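Below: the structure, in structure tokens.
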Amino acid sequence: MADIRLEGVGHSYDGGRTWALKPMTWTWRGARAYALLGPSGCGKTTLLNIISGLLTPTVGRIWFDDREVTGVPTAGRNIAQVFQFPVLYEEMSVYDNLAFPLRNRKVPRQEIDRRVRQVSALLGLDEVLRRRSRRLDPGRQQIVSLGRGLVRPEVAAVLLDEPLTVVDPALKWTLRSKLKEIHRDTGHTLVYVTHDQTEALTFADEVVVLNDGAIVQTGEPAELFLSPAHEFVGHFIGSPGMNMLPAEVTGDIVRVGKSTAGAVKGDLPPGPVRIGVRPEFVRIAGERTSPGVPARVTGTDRMGAYDLVHTRVGEHQMIAKTEAGSSHEPGALAFLHFPAERTFLFRDQVRCGSL
Ligand code: ATP
């Protein structure tokens, strides 16, 4: 496993007019499992292809530990890759497909057998080991591809590009936890590209959030959820995402219209801000609270395990996630309370303070 260091790495597909990946400096630390998370078109695949050597960056340099690999093709980088769709030798057995990357590197036969059986047991492939790959359904074939990517313990990095796309949704939960288990065992430097926050949050030691070709925030899953540094992270992570509400800082008070939303922590210059608070933390009361912001209930989604109570403050929708069976009638007046420590203030989309 290696530290993978990017120094001012950026990529443009149109001679520098637009940057699919804006020049960035960032290190993927050895033996950590990263999720690279962002919406479609934000540059995830471009970044992954630069690490793997499928793409040479327009600017910048890449290092695997002390070795510069900027111009080195994929074959010279000692990495394993798994793509969205299965890449297998269809006429070979599942066993031979799993063994192939090891045989290719002249690993002793006994060690090959041990590794193949270990990965096969973890991924639930034991009963199909002798079957030809083309006889498996696409989901199973993809699990074999995943196994091929994970079978070599000594690779510099394992790169996974949306590897569970074709896998049955019910199996995804199991596979993610298996993947975690295999990672604990092998200690690979692992980069897992996904646009699915659940996948990123359940799997990764650290999540790297990419938007519009730039890293917006990195951190442990809980940190991104509890303490978003940018409005984009607030929206993109969470279901539903963070509520945003225009407000005004005057002195050490944050006001929404004539109501007090709370006291500002620390010094913040007066002026407009946006309050960001997750539905999980908004408290909703039938009687006036102080601090508190009056709102009008517009409806309730009964989600089974919880309710989503929709309200409006002026033009702005605010959602509160409450216990199931809440009784907020549409049209009723309600008061929203924004708890300290869990409510943040944003200017130009960047966090500038909190309540
Ligand atoms: P997705 O999740 O949809 O695969 P992504 O986050 O992986 O998206 P990239 O595929 O890296 O994003 O694309 C980033 C930007 O670069 C997009 O605007 C895309 O249109 C553009 N792009 C990607 N590949 C090429 C290419 N070969 N030529 C020109 N533009 C490209």
query: Does VAL144 qualify as being out of contact with any Pro (no Cβ under 9 Å at 6 or more places or on another chain) and open to solvent by less than 10 Å² (accessible area, probe 1.4 Å)?
result: no
- prompt: In the set GLY271, GLY266, GLY276, GLY325, which member is on the phi > 0 side of the Ramachandran plot and at pLDDT 95 or above?
  reply: GLY271
Sole residue being touching a helix residue (DSSP H, G or I) at 6+ places or on another chain (Cβ under 8 Å) and at pLDDT 90 or above, chosen from PHE236, PHE203: PHE236
query: If you check THR300, THR260, which single one turns out to be of a type in the set (Val, Ile, Thr), under 32 Å from the mean Cα position of the chain (by Cα) and open to solvent by 30 Å² or more (accessible area, probe 1.4 Å)?
result: THR300
- prompt: Within the range 263-332, which strands (runs of 3 or more DSSP E) (wholly inside it) include 1 or more residues that are of a type in the set (Phe, Trp, Tyr) and under 18 Å from GLY241 (Cα atoms)?
  reply: 306-313
message: So for the range 1-13 (the condition being outside any strand (DSSP E or B), within 16 Å of the ligand (Cβ to nearest atom) and out of contact with any His (no Cβ under 6 Å at 6 or more places or on another chain)), does at least one residue qualify?
response: yes
query: Among the numbered criteria (1) loosely packed, with under 15 Cβ neighbours inside 10 Å; (2) farther than 23 Å from HIS188 by Cβ, which single criterion is violated by GLY76?
result: (2)
query: In the range 32-59, which residues are among the small types (Gly, Ala, Ser), within 11 Å of the ligand (Cβ to nearest atom) and within 14 Å of the chain's Cα centre (by Cα)?
result: GLY38, SER40, GLY43
message: Only one of VAL167, VAL193 is in contact with a helix residue (DSSP H, G or I) (Cβ under 6 Å, 6 or more places away or on another chain) and closer than 30 Å to GLY8 by Cβ. Can you tell me which?
response: VAL193
task: Please find, within the range 17-31, the residue that is most open to solvent (accessible area, probe 1.4 Å) out of those that are within 13 Å of the ligand (Cβ to nearest atom) and farther than 13 Å from LEU210 by Cβ.
output: ARG17
message: Against the conditions (1) surrounded by 15 or more Cβ atoms within 10 Å (Cβ to Cβ); (2) in contact with a Ser or Thr (Cβ under 9 Å, 6 or more places away or on another chain), where does SER177 fall short? Just the number, please.
response: (1)
task: Give the residues of the range 180-225 that are over 28 Å from PHE344 (Cα atoms), open to solvent by less than 10 Å² (accessible area, probe 1.4 Å) and more than 16 Å from the ligand (Cβ to nearest atom), sorted by residue number.
output: ILE182, HIS188, THR189, LEU190
Contacts under 9 angstrom Cβ, first residue in the range 136-155 being farther than 21 Å from ILE79 by Cα and without any contact (Cβ under 8 Å) to a residue 40 or more places away in the chain, partner of a type outside the set (Ser, Thr, Tyr) and assigned to a helix (DSSP H, G or I), 6 or more apart: GLY139/LEU171; ARG140/VAL94; ARG140/VAL128
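The values are calculated or read from the model by the stated rules, or taken from the named source; none is laboratory data. As the structure is a computational prediction, the values presented were derived from the model and not from experiment. FYI the Cβ positions are ideal-geometry reconstructions off the backbone, even for glycines, and counts take in every protein chain you see. These area figures cover heavy atoms from the full protein model, side chains too; ligands, DNA and RNA do not enter into them. Shrake-Rupley method; radii C 1.70, N 1.55, O 1.52, S 1.80 Å.
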